[in-house]
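Reviewing the structure listed below.
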Amino acid sequence: MDPSSLPSYDELPAVAGAPSGSSWGVWGEGDVFGCLNLLSAERVQAGVACARRGAVFNLNLELELPSPPLFSRSAFEHTVHDFPLGHDDELSGWNTQSSSQWDGFRHMKHPVYGHYNAVDDEMHGIEHWARRGIVGRAVLADVARWRSSVGRPIDADSATAIEIDDLMATLDAQGVELEVGDILLLRTGWVGWYRGLGAAERAEVAARTALVACGLQRGVASARALWNLHIAAIAADNPALEVMPFGFGRREDALSWKEDPGRAAETMLHFSLLGLLGIPIGELFDLDALAEDCAADGRYTCLLTSAPLNLSAGVASPPNALAIK
């Protein structure tokens, strides 16, 4: 589809078996890329044009962080094996979502309509993204810095919701406009806060049955706004992109999903972004060094490259992401 002809959220075409607010069918039956389809050769070239100085920023946390892992995910064991001329090493019990990650479309389905584009979940393996590659122009929205500048600092260890208005005001203050097919990087400040914790405090965070963290506001309004920006993907530095705890817990909410499927986004934004709209979600990206550089030179765009694991039927992957300015 010509990016200039993409429908707005409220104009998304009706597809049999899908609710309103779904992009199913926009890129054809059986599509497994969703908004990554927007990463055309032209968008790659737009990203390359941002790499002026050759400054490279790693966007991946140490594989060992968070430690202990969040959401009761397993902590891997690293074993180094000796052989006569050197070593090789092995990871056991490794969860691909225990550190910086892309959520693949296989990770989360809509509770009523299933996985994105009504494709069998095994067909949504992360290998499709890996073999295509994720490369394009990225825009950093340093919401944490902007909120502090206007006297509304984000408390990372609270359910502070970042509204779409906050996002747009940040981009305006930075003097940058999102273009169709950009990769949006959202800095909340959570990673910086987490790095400042001691071992006992990190253990307490991981032990919470309902993790509390700042993040993007849930709901249809957020889903609508992100789709209407026509981004290729969104990644943030917090545990789940969206504010936590999630909205689970009330039986009447779950029942209402069948009567009004759009309401599922009020419980968990993942349901709409991954299951209905095909917008990839990145979590726990390390954006602090990039943010410092952007604040110093006033330029918030960069070339982003990401090589997910080429793992057949994989659910998620470390991003292996670099930003180049």
Dipole of the chain, positive end: most advanced residue of M244, W193, S20 [Cβ charges, Cα centre] | S20
Quick calc, the chain, dipole around Cα centre from Cβ unit charges on Lys, Arg (+) and Asp, Glu (-), nearest 20 debye, gives 320 debye
Rh by Kirkwood over Cα pairs, then Stokes-Einstein D for segment 3-324 at 1.306 mPa s and 10 °C, µm²/s = 79 µm²/s
So how do 316-322, 200-206 stack up, highest first, on mean other-Cβ count within 10 Å?
-> 316-322, 200-206
Could you line up F83, F271, F76 from fewest to most neighbouring Cβ atoms inside 10 Å?
-> F83, F76, F271
The equivalent-ellipsoid semi-axes of segment 26-69, taken as the square roots of five times the Cα gyration tensor eigenvalues and listed largest first in whole Å, are 29, 23, 5
Percent of alpha carbon pairs in segment 267-323 separated by more than 16 Å?
-> 60 percent
With unit charges on the beta carbon (Lys/Arg positive, Asp/Glu negative), name the residue among G114, A264, G181 whose Cα is farthest towards the positive pole of the charge dipole of the chain.
-> G181
Could you give the alpha-carbon Rg of segment 20-156 over 2.2 N^0.38 Å, rounded to two decimals?
-> 1.39
If you take the C-alpha gyration tensor of segment 1-76, multiply each eigenvalue by 5 and take the square root, what semi-axes do you get, largest first, in whole Å?
-> 33, 25, 10
According to a simple spin-label model (label point 7 Å from Cα along Cα-to-Cβ), what is the distance in nm between S67 and M168?
-> 4.3 nm
Size of the dipole of segment 70-153 about the Cα centre, Lys and Arg at +1 and Asp and Glu at -1 on the beta carbon, nothing else charged, in debye to 20?
-> 840 debye
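Throughout, read-outs are computed from the coordinates displayed, never taken from laboratory work. None of these values were measured; they are calculated from a predicted model. Because the Cβ atoms are built from the backbone with ideal geometry, glycine has one as well, and the counts that use them run over all protein chains shown.
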